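Notes to accompany the following structure.
The values are calculated or read from the model by the stated rules, or taken from the named source; none is laboratory data. If you're wondering where the values come from, they're calculated on a predicted model, not measured in any experiment. Cβ: placed from backbone, ideal geometry, glycine included. Neighbour counts: every protein chain shown. The accessibility values were calculated without ligands, DNA or RNA, using every heavy atom of the protein model including side chains. Shrake-Rupley method; radii C 1.70, N 1.55, O 1.52, S 1.80 Å.
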Amino acid sequence: MALLKIRKFPDPALKQPASPVCNIDGKLTNLIDSMVQTMYAAPGVGLAAPQVGEPHRIVVLDTDHENPGKKLLKLINPKVVEAEGEVIWEEGCLSVIDYTADVKRAAKVLVRAWTPAQNEIEIEADDLLAVALQHEIDHLDGKLFIDRISRIKRELYRRKLTKLIKEGKADEDRPSGVRI
Ligand SMILES: [Zn+2]
C-alpha cells in the first residue's frame, strides 16, 4: 500500500469543497486504507480526502496513537448535527507547514456519518476528538484552520511561508504541535 502525498497550503485542492460519496466501491475502500496509513506515517490525528487531492467527503481520525487502530474512525459524509459550548485549541495541520494557532471551536459535537461497511453512526465527542472532527469536516468544505484566525495572523503566516519557500525550506519536516 502506497503512502499518499499530502497537499500543502496554498495547493488549490485544499480550497475545493468535496462531493458527497454515493457509492462505496473497492476503489474508495482502498483510498480509505491508504489514507489511514498516510495519517499514521505523518503522523497526524486526522486526514481528510481533499488533503491527498481526492475530492470526496471522507475523513479518517485516530486520537490515540499510543494504541493505533483502537479508536480509529473512518467516516464517510460526516456532518455535525449538534454543537455546544466553546473551546480554544491550539491547532496545527498536516497541510499547513510550520504553524500553529489558537482556534475557537464548539466544545462538544454530535457527528453523524457512514462507515465503510455502510452503517450510519453517531459520535458524541469532546476535547481533542471534537476539535479534530470539526477541523476535518472543515477540510471537506475547502476550509483550513488558518481561515478561522484573524486576517493579520493569516497574512503574517503567508509571509513566513513565502520566505520558507524562497529559502527552499518549505519541504523540511517540522512537526508543529498536534497536527490534525
Ligand atoms: Zn488539517
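Largest accessible area first, the listed residues 22, 93 line up as 22, 93 when surface is computed with a 1.4 Å probe on the assembled protein chains. Counting only protein heavy atoms and using a 1.4 Å probe, the accessible area of residue 99 comes to about 40 Å². Summing charges over neighbours of residue 112, with a neighbour being any other residue whose Cβ is under 10 Å away from its Cβ, gives -2 when K and R count +1 and D and E count -1. Per residue, region 1-128 exposes an accessible area of 52 Å² to a 1.4 Å probe, with every protein chain left in place. Across the chain, the longest piece that holds none of the GluC sites (Glu not before Pro) lying in DSSP loops with up to 16 other C-beta atoms within 10 Å covers 87-166.
Spin-label model, residue 27 to residue 153: label points 7 Å out along the Cα-to-beta-carbon direction sit 3.9 nm apart.
Going by accessible surface with a 1.4 Å probe and the largest first, 9, 145 read 9, 145.
Express the relative contact order of region 111-170 as a whole percentage, based on alpha carbon pairs under 8 Å and six or more residues apart in sequence.
16 percent.
A crude spin-label estimate for the pair residue 119 and residue 64, with each label 7 Å from Cα along the Cβ direction, gives 1.7 nm.
What residue among 135, 65, 56 has the largest mean-square fluctuation in a Gaussian network model of the chain, using Cα springs under 10 Å? Of 135, 65, 56, the Gaussian network model singles out 65 as fluctuating most.
Quick one: check the C-alpha center-to-center distance for region 136-160 versus region 46-75, whole angstrom. One Cα centre to the other: 20 Å.
Is it possible to state the helix-based mean residue ellipticity at 222 nm for the chain, with each DSSP H run of 4+ residues giving -39500 (n - 2.57), the sum divided by total residues, to the nearest 500 deg cm²/dmol? What is it?
Result for the chain, helices only: -8500 deg cm²/dmol.
Considered as an equivalent ellipsoid built on the Cα gyration tensor, region 107-180 has semi-axes of 32, 15, 11 Å, the largest given first. Using heavy atoms of the protein chains and a probe of 1.4 Å, the accessible area assigned to residue 88 is about 110 Å².
Over all directions, what mean area does the Cα convex hull of region 17-100 project, stated in square nanometres?
Values: hull surface 27.3 nm².
Taking the Cα atoms of region 17-100, their convex hull projects to 6.8 nm² on average.
Taking only alpha carbon atoms, the chain gives an Rg to Rh ratio of 0.95, where Rh is the Kirkwood radius.
Mean sequence separation of contacting Cα pairs (under 8 Å, at least six apart), scaled by the length of the chain, corresponds to a relative contact order of 24 percent. Taking a ≥ b ≥ c as the square roots of the eigenvalues of the Cα gyration tensor of region 65-111, is the shape rounded (a/c under 1.5), prolate (a/b larger than b/c) or oblate? Verdict is oblate for region 65-111.
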